[in-house]
Amino acid sequence: MNFRLTLNPSNLLIFRATVVLLGFGLALAGCENTYGYSLAGSKWPQPGLCGSNCLGTPLTLTYSFQNMFDGGMKGPDNVPLPASLIRGSIEEALGLWSSVVPITFVEVPDDGLSYGSSTQYGQIRFRHIYINGPDPPPPASPVAKAQAYYPSGDNYPGDVEFDHSDPWQASGTLSTPDILGAAIHEIGHAIGLGHSDIEGVNMYWIFHRFQGLGTAQLFPDDIAGIQSVYGVGSGSVVSLAVPEPTAAGFLAVCAGVWLLRRRRPL
Ligand SMILES: [Ca+2]
Ligand SMILES: [Ca+2]
Ligand SMILES: [Zn+2]
């Protein structure tokens, strides 16, 4: 059978419109967002030449520790976690986010007081509090280990809270997480991310567990999410902690002492 498609001018117009719409639909399908991240809907202002929201422009956020090193964060054995583990975890978490967006986190002193009487604290303030008490033991899912406030405004916004009713440890498990994984997740909220649909990434509602300092990473979904808020770039972490003496520094001191001894008249 010989089939011929004939279109009168008005049908031709509809046909063309259909083809255009079909093409547009296919293009959309081709560009479909395969990420699972969501946004908080608020962000820290990013002022620049373009105005108050210039993606890619460097910005600085201050952070402080309200009570994190007072022994209130404990391990499963009820022994307080070392301050070095707590500080190291939080600074590693800040460092990961600042490696993909142009945010520099600068530590400022914290007077440790509650809002109302406190006069000295950072924009992102870390503390441990009672959130919901101890979560039920496995195999139950975690309920609340930590929480954070989305950006915007002063005081509570941007703050990160860990539940001191739950045990914490360096190498995380589902029931006894690491501060590192929790900090990455909560800082993500504090700078403007919601939860991701993708299991296993840092912004999934059950945050990723890592196995100690130096083992953490951001996943492509976390990076795409935060870069959609602040643009691509990198910042740094400026800590108030006194750096440990390095091996090179120690050797330099030894060499200096040796030289002095050599010069001393016998
Ligand atoms: Ca809890
Ligand atoms: Ca705050
Ligand atoms: Zn969350």
Those residues that are more than 13 Å from residue 35 (Cα to Cα) and in a strand (DSSP E or B), I need them from segment 198-230; list them, please. 211
Select from segment 145-176 the residues that are within 11 Å of ligand 1 (Cβ to nearest atom), open to solvent by 20 Å² or more (accessible area, probe 1.4 Å), at pLDDT 95 or above and part of a loop (DSSP other than H, G, I, E, B) and list them in ascending order. 164, 165, 167
Scan segment 93-138 residue by residue and report those that are under 21 Å from the mean Cα position of the chain (by Cα), of a type in the set (A, V, I, L, M) and assigned to a loop (DSSP other than H, G, I, E, B). 100, 101, 108, 131
Can you work out which of the residues in segment 108-128 that are surrounded by 13 or more Cβ atoms within 10 Å (Cβ to Cβ) and of a type in the set (S, T, N, Q) is farthest from ligand 3 (Cβ to nearest atom)? 118
Matching residues, segment 83-110, being more than 18 Å from residue 157 (Cα to Cα) and free of Cβ contacts under 8 Å to residues at least 60 places away in the same chain: 83, 84
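Tell me whether segment 180-192 contains one or more residues that are over 22 Å from residue 73 (Cα atoms), modelled with pLDDT of 95 or more and assigned to a loop (DSSP other than H, G, I, E, B).
yes
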Inside segment 145-176, the number of residues satisfying the requirement of being within 16 Å of ligand 3 (Cβ to nearest atom) and either without any contact (Cβ under 8 Å) to a residue 40 or more places away in the chain or in contact with a helix residue (DSSP H, G or I) (Cβ under 9 Å, 6 or more places away or on another chain) (or both) is 17
Give the residues of segment 50-92 that are exposed (fewer than 14 other Cβ atoms within 10 Å of the Cβ) and in a helix (DSSP H, G or I), sorted by residue number. 84
Any idea how many residues of segment 111-144 are among the polar types (S, T, N, Q), in contact (Cβ under 8 Å) with a residue 60 or more places away in the chain and touching a Ser or Thr at 6+ places or on another chain (Cβ under 8 Å)? 1
Is it the case that segment 116-129 has a residue that's over 29 Å from residue 60 (Cβ atoms) and either out of contact with any His (no Cβ under 7 Å at 6 or more places or on another chain) or within 16 Å of ligand 1 (Cβ to nearest atom) (or both)? no
Within segment 185-211, residues on the phi > 0 side of the Ramachandran plot and either open to solvent by 10 Å² or more (accessible area, probe 1.4 Å) or within 9 Å of ligand 3 (Cβ to nearest atom) (or both) come out as 200
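The values are calculated or read from the model by the stated rules, or taken from the named source; none is laboratory data. These figures come from a predicted structure and were not determined experimentally. In this analysis, Cβ positions are derived from the backbone assuming ideal geometry, glycine residues included, and neighbour counts consider all displayed protein chains. Just the protein is used for accessible areas: all its heavy atoms, side chains included, with ligands, DNA and RNA removed. Shrake-Rupley method; radii C 1.70, N 1.55, O 1.52, S 1.80 Å.
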